[in-house]
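Structure, as structure tokens:
The values are calculated or read from the model by the stated rules, or taken from the named source; none is laboratory data. Since we're looking at a predicted model, the values are computed, not measured. A quick note on method: Cβ atoms are made from the backbone with ideal geometry, for glycine too, and the neighbour counts reach across all protein chains shown. These accessible areas exclude ligands, DNA and RNA; they are computed on the full protein's heavy atoms, side chains included. Shrake-Rupley method; radii C 1.70, N 1.55, O 1.52, S 1.80 Å.
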Amino acid sequence: MDLESMNAQDARVDALWESLDTRRQGQLDLAALQKGLRKLDHPLKNADQLLSEVFKAVDTSGDGHIQYNEFRTFVKQTEKELLSLFKSIDYNRDGKISKDELQAAFSRAGLAVPSSKLNSFFTEVDTNRDGVISFEEWRDFLLFMPATAPNLRAVMTYFSATMKMNAEGDVDVQIDDTFEGLGTDFLHAFFGSLFLIARTPPSSLFSSEPPPALEMSQVAVPSAVSQTLPPRPDIQDFRAPIVEARKSLWQSFKSVLIGCVPNPGYFVAGGVAGIVSRTSTAPLDRLKVYLIAQTSVKQEAVAAAKSGNVIHAAFSAFRPLVIATKELWAAGGMRSLYAGNGLNVVKIMPESAIKFGAFEASKRAFAKLEGHSDPSKIHSWSKFCAGGVGGMISQFAVYPIDTLKFRMQCETVSGGLHGNRLIIATAKKMWQNGGILAYYRGLPMGLFGIFPYAALDLGTFEYLKRAIATRNAKKRGCHEEDAEPGGLATAAIGGFSGALGASAVYPLNLLRTRLQSQGTVLHPRTYTSILDVTRQTIQGEGFRGLFKGLTPNLLKVVPAVSITYVVYDKSKKIMGLR
């Protein structure tokens, strides 16, 4: 590459100094440096924390001002080190860095950088968009990097710090080597606020108005003493720490909340995934509810099981599926098999959107509690808990629609009402029989059951997906983000996690469904409580009755969850989400 002459370099440094010294004072304080960088539209213009580090690195005298000589020395030394790093990356010595050369340099340095981040960095530095990075582009972007010996790790940390934006549009500086612990920033602000309060007189802590002041004429104070007393402090001196403490605590809490809010795209991807998967498996869901509503015991299957005829018992156990399918078809053909699917879509779209959105928000909250901000690095137990929380939030949000759907399906019989007329009639009947409470029958059991189900489902899926990505990354020598399982593997682990969660909590799901559908045509029994429905089910059908409908449920859950995760992952990639 052509190296500029000493005079040309001095002229360029002088021009840069003049651009930064907008006040023409011959020196720069922190505010002046930031103003100059904004004029140049430099990436550091909003990165306050990183800019402070740069300022300290340049201000070698430590007097709070950058003099021209300090600036000139810093620039020349930094350019020299950046040139050395540039040459080490430029493997073919053509004076330009290609994307392949940069990727190879990261690999040689033992850094696994995801393709998305590499592409983002390359696009930001390659200002003329010619597909390569010249030394001038490299130097201009990294000139103010606060490192005495720049390396590729420092380069990516600097890039992340200058380009990471939070939900409010402010720069959120996230250095790779973050402090580990329990929310260090929040706790520091919290305890700092407590210290401010502790130094404040108690009288001003619990009152919004200043305490009544006594006039000096009302108090007998010896003249000799009054002359030595210090002047009485103004009440504002007492209230100022309280105001500052409240502001600090609120800002910290606000920052934590904002940091937990996921990109709206996660809600959209979740909603789309729910609609596609539920519509694809609607007949199996209809069959499951139909079998759950039935309370009779097939004596033929029981007798075969008791006699030890396993083959005949297995065949007899599957006969209800065939019979139920015929009865549903006779009740209305294909329309009967999709009864309630309209409500299913109305329900599943917000439910799936809220579930995945709340799951992502919960992961970010647990990341904050663990002392970092990367939801992909949280502990396995945190992933399971985040899944449970997401499931409970979504279940509560759509529970009335869920109840209406179950009861409508149990009112679908041959010759009866169908479609919107059946929905309206079922909704009116529920309101007449119990008001708003009728829509929330079985809610405690529903929330109690959804937590372990969602925890096992989402948590197991995340764990297996991360484990496969880690193994693939080690085999291929790349970043985990570029080694995630493909569509077929995603469907397989999704089906496994869904089956595991559904099987573990199926009895709770069955009891909740019977509470929701009690008093309908297909399920005329009524119950007084959760204990009552449990007692009646076990007495009438034995413990085996707690798992009635499990087979069609798994036949529905496995493909449904598989489709959900595949569509969710593909939707996230289309929207550029991790």
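Some points to look at:
- Looking only at the range 96-132, and only at residues there that are of a type in the set (A, V, I, L, M) and at pLDDT 90 or above, the one that is surrounded by the fewest Cβ atoms within 10 Å (Cβ to Cβ): 132
- Restricting attention to the range 496-513, the residues that are within 26 Å of the chain's Cα centre (by Cα) and either in a helix (DSSP H, G or I) or of a type in the set (Asp, Glu) (or both) total 8.
- Flag if residue 50 is in contact (Cβ under 8 Å) with a residue 24 or more places away in the chain and either farther than 17 Å from residue 137 by Cβ or not in a helix (DSSP H, G or I) (or both): yes
- Only residues that are modelled with pLDDT of 80 or more and open to solvent by less than 20 Å² (accessible area, probe 1.4 Å) were counted in the range 249-280, giving 8.
- Exactly one residue out of 544, 525 is of a type in the set (Lys, Arg) and either touching a strand residue (DSSP E or B) at 6+ places or on another chain (Cβ under 9 Å) or in a loop (DSSP other than H, G, I, E, B) (or both), and it is 525.
- Single residue of the range 359-401 satisfying the filter (in contact with a Ser or Thr (Cβ under 6 Å, 6 or more places away or on another chain) and at pLDDT 85 or above) that is surrounded by the fewest Cβ atoms within 10 Å (Cβ to Cβ): 366
- Verdict on residue 566 being aliphatic (A, V, I, L, M), open to solvent by 40 Å² or more (accessible area, probe 1.4 Å) and under 25 Å from residue 458 (Cβ atoms): no
- Complete set of residues in the range 457-479 that are in contact with a Pro (Cβ under 8 Å, 6 or more places away or on another chain) and not β-branched (Val, Ile, Thr): 465, 469, 472, 479
- Test: residue in the range 481-501 that is touching a Phe, Trp or Tyr at 6+ places or on another chain (Cβ under 6 Å), within 27 Å of residue 536 (Cα to Cα) and surrounded by 17 or more Cβ atoms within 10 Å (Cβ to Cβ): yes
- Residue within the range 69-92 that is under 30 Å from residue 36 (Cα atoms), of a type in the set (Phe, Trp, Tyr) and more than 39 Å from the chain's Cα centre (by Cα) present: yes
- Checked against (1) at pLDDT below 85; (2) open to solvent by 30 Å² or more (accessible area, probe 1.4 Å); (3) part of a helix (DSSP H, G or I), residue 413 passes all but condition (3).
- Any chance residue 80 is of a type in the set (D, E, K, R), out of contact with any helix residue (DSSP H, G or I) (no Cβ under 8 Å at 6 or more places or on another chain) and in a helix (DSSP H, G or I): yes
- Residue match in the range 544-560 (condition: open to solvent by 50 Å² or more (accessible area, probe 1.4 Å), out of contact with any helix residue (DSSP H, G or I) (no Cβ under 9 Å at 6 or more places or on another chain) and farther than 27 Å from residue 396 by Cβ): no
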